[in-house]
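K.L.:
This is the structure I have questions about; it appears just below.
Just so you know, all these numbers are worked out from the coordinates, no wet-lab data involved. Here the structure is a predicted model, which is why all the values come from computation and not from measurement. Note: ideal-geometry Cβ built from the backbone for every residue, glycine included; neighbour counts use all protein chains shown.
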Amino acid sequence: MTTVKRHQVVIIGSGFGGLKAARSLKHADVDVTLISRTTTHLFQPLLYQVATGILSEGEIAPTTRLVLRDQKNVRVRLGEVEGIDLQAKTVTSRLMSQETVTPYDSLIVAAGAQQSYFGNDHFATFAPGMKTIDDALELRGRILGAFEAAEVVTDHAERERRLTFVVVGAGPTGVELAGQIAELAERTLAGAFRSIRPEDCRVILLDAAPAVLPPMGRKLGLKAQKRLERLGVEIQLNAMVTNVDYMGITVKDKDKDKDKDKDGSERRIECACKVWSAGVQASPLGELIAEQSDGSQIDRAGRVIVEPDLTVKGHPYVFVVGDLMAVPDVPGMAQGAIQGAAYATDIIKRALAGQDDPANREPFKYWDKGSMATVSRFDAVAQVPIPKTSKKLEFGGPLAWLAWLVLHLVYLVGYKNRLTTLVTWFITFLGRGRGQMAITSQMIYARTAMQALQSRQGPLAAVEAADKIEKDESA
Ligand SMILES: Cc1cc2nc3c(=O)[nH]c(=O)nc-3n(C[C@H](O)[C@H](O)[C@H](O)COP(=O)(O)OP(=O)(O)OC[C@H]3O[C@@H](n4cnc5c(N)ncnc54)[C@H](O)[C@@H]3O)c2cc1C
């Protein structure tokens, strides 16, 4: 008896794009293998709440294989994708020393983007970004650790340095994080220390651009700026970071002609806790695919300039979706990834039904559902397109915050997570307390310790070292 092999779909990534793709294929006559370097699906928009002690990591990052447990046509495989061979139609992934080669008929690449330091990768040691659970937990450790250190140091200048927080990048993530650090100090930590007043800390939001929230326009940017300033956040615009070190950051002010205090020379901000939320760089898998295609290119951020049907040239069943794709007027937001994944899986389903003609596909159309950013509790700014016009409705305040709250609950994965998040928000925003204030030394030191080891001994050094210690101990 011969068994006919089903159509094999490989999905890379378990973020918004990857998970949506897998779920959309639930009733399709295919075998799906979802490969990701993380065991979880991460709801990145709420990472800043993990970093500031509001939510736990579990609430925003459910385990992918549990989310997909009942979808029998999906196999979830943990591993770092290191190779994609468009000719052989295989994906090579690695988990520790185990290499796995997975063949595919259709490939959906949703590997997202990483933090970009614009060529200054050494900044990352002192100013972690906020892209992963590890990042958010490390930041929580650094933020709360800075208050603890300030309580015990006796030198005045060092105490001030410990109580200065700098967030680089005034996009939505920077705005949300700066607002939350200020609220954490003002509401949650106030009165809990004896040598310092946490509410006297300095929170600086800094950007090389001349405005806060540039993609949301001048009006909403100014609104957010005023509200942050009311919370005590210092906004420094036209300020370019030229160096980051253990003690602080060096900044060059750009508009020397407009402001006599800003003469274009460099200045220092001594600060212990720095956060980088200034730029993104697409996964290197984008370049790997583009190089093997029949002429697709990548843009400056490393995103693949895809065809109108989200494929790469010469490979009608290799789709790139989400933050890794470059499509005009589609922002690097969750909706871009979700809609891109739905579009790609529709094509695969049509192909299975014999209804797909790659040369005559309807191009991908993005439905802009708007954008929003929270500034503080009960306060957000929102921009929603008005149907059938090119205009956008812009508003701020409690109504925008309520809209933000409802939308985020809708898109969180899992009923239990929605319920616990709602209860947590209720407690946090109405009261002063935050439930996730625990920090460990692992959160603060593990990344830098692992990086130091890896830079000396190679990428698997940390794993090998841990294995060796265990073996030696048991011998
Ligand atoms: C802090 C923050 C706040 C945000 N806030 C908002 C918001 O409020 N609203 C909004 O719409 N958008 C927001 N975004 C953007 C949104 O999260 C992204 O646009 C969205 O996650 C993109 O989805 P994706 O599937 O393309 O990539 P991701 O969600 O980033 O997923 C990428 C996946 O690929 C995996 N991966 C990467 N490389 C490899 C590899 N080599 N091997 C195996 N697996 C790999 C990763 O583990 C991950 O699972 C925010 C982003 C951040 C970082």
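K.L.:
Determine the calculated [θ] at 222 nm for the chain from helices alone, applying -39500 (n - 2.57) to every DSSP H run no shorter than 4 residues and normalising by the residue count; nearest 500 deg cm²/dmol.
P.N.:
Values: 15 runs with 167 residues, N = 475.
Calculated at 222 nm, the ellipticity per residue is -10500 deg cm²/dmol.
K.L.:
A further question follows. For the range 45-196, what percent of Cα pairs sit more than 25 Å apart?
P.N.:
On the way: 5632 of 11476 pairs.
Counting every Cα pair in the range 45-196, those more than 25 Å apart make up 49 percent.
K.L.:
If you build the Cα gyration tensor of the range 267-329 and take the root of 5 times each eigenvalue, what three semi-axes come out, in whole angstrom, biggest first?
P.N.:
On the way: eigenvalues 218, 23, 17 Å².
They are 33, 11, 9 Å, listed from largest to smallest.
K.L.:
For labels at Leu66 and Glu470 in the simple 7 Å Cα→Cβ model, what's the distance in nm?
P.N.:
Here the answer is 2.2 nm between the modelled labels.
K.L.:
Eigenvalues of the Cα gyration tensor times 5, then square-rooted: what semi-axes does that give for the range 271-391, in whole angstrom, largest first? All intermediate terms of the calculation are to be shown ahead of the outcome.
P.N.:
Working: eigenvalues 187, 91, 26 Å².
Ellipsoid half-lengths, sorted descending, are 31, 21, 11 Å.
K.L.:
Multiply the residue separation of Phe118 and Val410 by 0.36 nm, subtract the distance between their alpha-carbon atoms, and state the gained length in nm to one decimal.
P.N.:
Details: separation 292, 0.36 × 292 = 105.12 nm, distance 3.44 nm.
Result: 101.7 nm gained on full extension.
K.L.:
If the cut-off is a Cα-Cα distance under 26 Å, which lysines reach Lys72, setting aside same-chain residues fewer than 8 apart in sequence?
P.N.:
Lys5, Lys20, Lys26, Lys89, Lys349, Lys416
K.L.:
Related question: Counting other beta carbons within 10 Å of each Cβ, put Met333, Met240 in order, fewest first. Please report the intermediate quantities before stating the final value.
P.N.:
Values: Met333 21, Met240 17.
Going from least to most buried by this count: Met240, Met333.
K.L.:
Run the simple label-point estimate for Gln98 and Val4 please: 7 Å along Cα→C-beta, distance reported in nm.
P.N.:
Computed distance between label sites Gln98 and Val4 equals 3.3 nm.
K.L.:
So how much slack lies between Thr39 and Glu82, counting 0.36 nm per residue of separation and subtracting their Cα-Cα distance, in nm? Don't skip to the answer; put the middle values down first.
P.N.:
Working: separation 43, 0.36 × 43 = 15.48 nm, distance 1.70 nm.
Gain on extension, Thr39 to Glu82, equals 13.8 nm.
K.L.:
Restricting attention to the alpha-carbon atoms of the chain, what are Rg (one decimal) and Dmax (integer), both in Å?
P.N.:
23.5, 84
K.L.:
Taking a temperature of 20 °C and a viscosity of 1.002 mPa s, what whole-number D in µm²/s does Stokes-Einstein yield for the range 4-115 with Rh from Kirkwood over alpha carbon pairs?
P.N.:
Details: Rh = 14.7 Å.
Answer, rounded: 145 µm²/s.
K.L.:
Using only Cα atoms, what Kirkwood radius does the range 199-240 have, in angstroms?
P.N.:
10.6 Å
K.L.:
So what's the net charge close to Ile249: Lys and Arg +1, Asp and Glu -1, counting the other residues with Cβ under 12 Å from its Cβ? Write out the running numbers ahead of the final one.
P.N.:
Values: positive: Arg161, Lys252, Arg267, Arg268, Lys274; negative: Asp245, Glu266, Glu270.
Residues close to Ile249 contribute a combined charge of +2.
K.L.:
Same structure again: How big is the dipole moment of the chain about its Cα centre under a simple scheme where the beta carbon of each Lys and Arg is +1, that of each Asp and Glu is -1, and everything else is neutral? Debye, nearest 20, please.
P.N.:
Numbers: 58 positive and 56 negative charges, 276 e Å.
So the dipole magnitude of the chain works out to roughly 1320 debye.
K.L.:
Follow-up question, since we're still on this one. What FRET efficiency comes out for the pair Leu430/Asp200, r = Cβ-Cβ distance, R0 = 22 Å, nearest 0.05? List each step's numbers first, then the result.
P.N.:
Numbers: r = 25 Å, r/R0 = 1.14.
So the FRET efficiency works out to roughly 0.30.
K.L.:
Show me the ranking of peptides 169-179, 19-29, 290-300 by mean Cβ neighbours inside 10 Å, starting with the highest.
P.N.:
Working: 169-179: 25.8, 19-29: 20.5, 290-300: 14.6.
Result, highest mean first: 169-179, 19-29, 290-300.
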